[in-house]
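A short write-up of the structure that comes next.
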Amino acid sequence: MAQVRLEKVSKRFGKRVWAVREFDLRVADREFLVLLGPSGCGKTTTLRMIAGLEQPTAGLIYIGERLVNLVPPRDRDISMVFQSYAVWPHMKVYDNIAFGLRYGRRKKGFSKADVDRVVHEVARLVRIEELLDRYPTQLSGGQRQRVALARALAVKPQVFLYDEPLSNLDAKLRIQMRTELKYIHEQAGATSIYVTHDQAEAMSMADRIMVMRQGQGAQLGSPNEIYFRPANQFVAGFIGTPPMNMLEVEVEEDGGGLMLVSPHFRIPLEGETAAAVKGRGVRQAVLGVRPEDVAVSLEGGDFPARVFVVEPQGPQQILSFKLDEALILKSLASADLPVSPGQQVWLSFHRDRLHLFDRDSGVRIN
Ligand code: ATP
């Protein structure tokens with residue numbers, strides 16, 4: 001088993017496109033690490049460099065203790081699973097899975113019985129044992145992706161690299177496969193690096209997430225750290241649906257305490273957040289509040305607002321409030337709350353869950 005380490009890795013395409021820039025990453029042995037970020041931020045390029053399918057322009061890549069910059073892909077002891085189910089259409093499922101064991105460069109002297117045992121073992125793990133005799137054309141997309149997974153698992157690599165493996169599946173199957181992949185990762189006991197732009201997928205599967213932006217790391221942390229303590233405004237806005245509300249505020253002194261002030265509300269700052277603001281002499285900031293931290297009441301609260309749009313979501317509803325022409329605030333409220341468009345209600349922000357960001361740099365203040 002192996003850790004994976006990237007030291008100041010860069011990749012430039014042509015003269016000007018820096019797909020990845022001085023990127024550092026350390027993936028622990030057996031960890032499930034997700035590279036998450038918007039389209040074009042360099043996730044796939046990073047994964048392809050780890051796989052050996054791209055050469056870094058600069059920097060070092062280690063798998064285990066071995067520097068692999070000059071090691072060809074087939075000798076890196078990795079398996080890669082792509083978005084498109086790369087399975088051989090002319091081979092039965094059984095032979096697709098057995099291929100790497102029979103013909104792989106690192107063939108470990110497997111007998112026919114060994115191959116048969118491993119094929120059944122991994123087919124059972126991904127639940128396609130009854131499909132071994134079929135051709136890929138006789139399978140659904142989800143089943144074909146399982147075959148690709150089984151084939152990757154069969155060679156028992158040190159590291160699995162996944163490039164958006166679920167994005168061609170329908171929404172329901174994707175959610176089911178997330179759970180299964182997580183289970184398979186635990187069973188396989190290998191290190192996994194998983195690329196996605198789907199934050200829900202990243203949150204539900206990762207031990208840690210590396211959020212990427214423009215070829216660099218924006219934050220590395222557990223799903224909860226990233227969600228509850230985003231290091232900057234970019235990460236805060238990227239993670240969470242509906243996205244975090246962002247409000248420009250001024251900081252005012254008020255009778256010894258501090259207030260966050262906007263044209264729509266004045267709320268007192270308390271505890272750790274007040275201390276951070278005071279310590280840094282912050283005068284202006286961007287206040288981030290997640291929709292589930294905006295409480296809606298019919299009786300009273302921090303400030304009044306009128307319901308603009310109601311979007312039912314089963315047990316919850318998304319309520320939008322148009323605070324002014326350019327500013328819509330969203331709340332994720334219980335579906336039990338009886339509200340309709342045009343109605344006036346009261347809004348309050350969850351005091352322990354306020355996020356404050358520097359207006360210029362976007363870096364977290366509290
Ligand atoms: P997506 O989620 O859309 O796949 P990504 O985060 O995986 O995006 P990359 O595919 O790594 O992003 O691309 C990063 C940047 O490098 C992009 O600007 C892309 O256009 C550029 N790029 C990637 N491959 C090449 C290439 N072979 N030649 C030139 N530019 C490339």
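The values are calculated or read from the model by the stated rules, or taken from the named source; none is laboratory data. All figures in this text were calculated on a predicted structure; none of them were measured in a lab. Positions of Cβ are backbone-derived with ideal geometry, glycine not excepted, and every protein chain shown enters the neighbour counts.
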Original post:
Looking at the range 63-79, which of its residues are in contact with a Lys or Arg (Cβ under 9 Å, 6 or more places away or on another chain), surrounded by 17 or more Cβ atoms within 10 Å (Cβ to Cβ) and outside any loop (DSSP other than H, G, I, E, B)?
Top reply: Ile63, Ser79
Subject >> Given (1) crowded, with 19+ Cβ neighbours inside 10 Å; (2) more than 23 Å from Gln3 (Cβ to Cβ), index of the condition Gln138 fails >> reply: (1)
Original post:
Got a number for residues in the range 133-165 being in contact with a strand residue (DSSP E or B) (Cβ under 8 Å, 6 or more places away or on another chain) and either within 16 Å of the ligand (Cβ to nearest atom) or in a loop (DSSP other than H, G, I, E, B) (or both)?
Top reply: 8
Original post:
Among the residues of the range 18-40, is there at least one that is more than 9 Å from the ligand (Cβ to nearest atom) and without any contact (Cβ under 8 Å) to a residue 40 or more places away in the chain?
Top reply: yes
Subject >> Number of the condition not met by Ala200 [criteria: (1) in a helix (DSSP H, G or I); (2) touching a strand residue (DSSP E or B) at 6+ places or on another chain (Cβ under 8 Å); (3) within 16 Å of the ligand (Cβ to nearest atom); (4) without any contact (Cβ under 8 Å) to a residue 60 or more places away in the chain] >> reply: (2)
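Having 2 or more residues that are out of contact with any His (no Cβ under 6 Å at 6 or more places or on another chain) and modelled with pLDDT under 95 is the bar; report the strands (runs of 3 or more DSSP E) wholly within the range 216-288 that clear it.
Per the criteria, 245-254, 257-261, 266-269.
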Original post:
Does Phe82 meet the test of being away from the ligand (no atom under 16 Å from the Cβ) and either at pLDDT 95 or above or under 21 Å from the mean Cα position of the chain (by Cα) (or both)?
Top reply: no
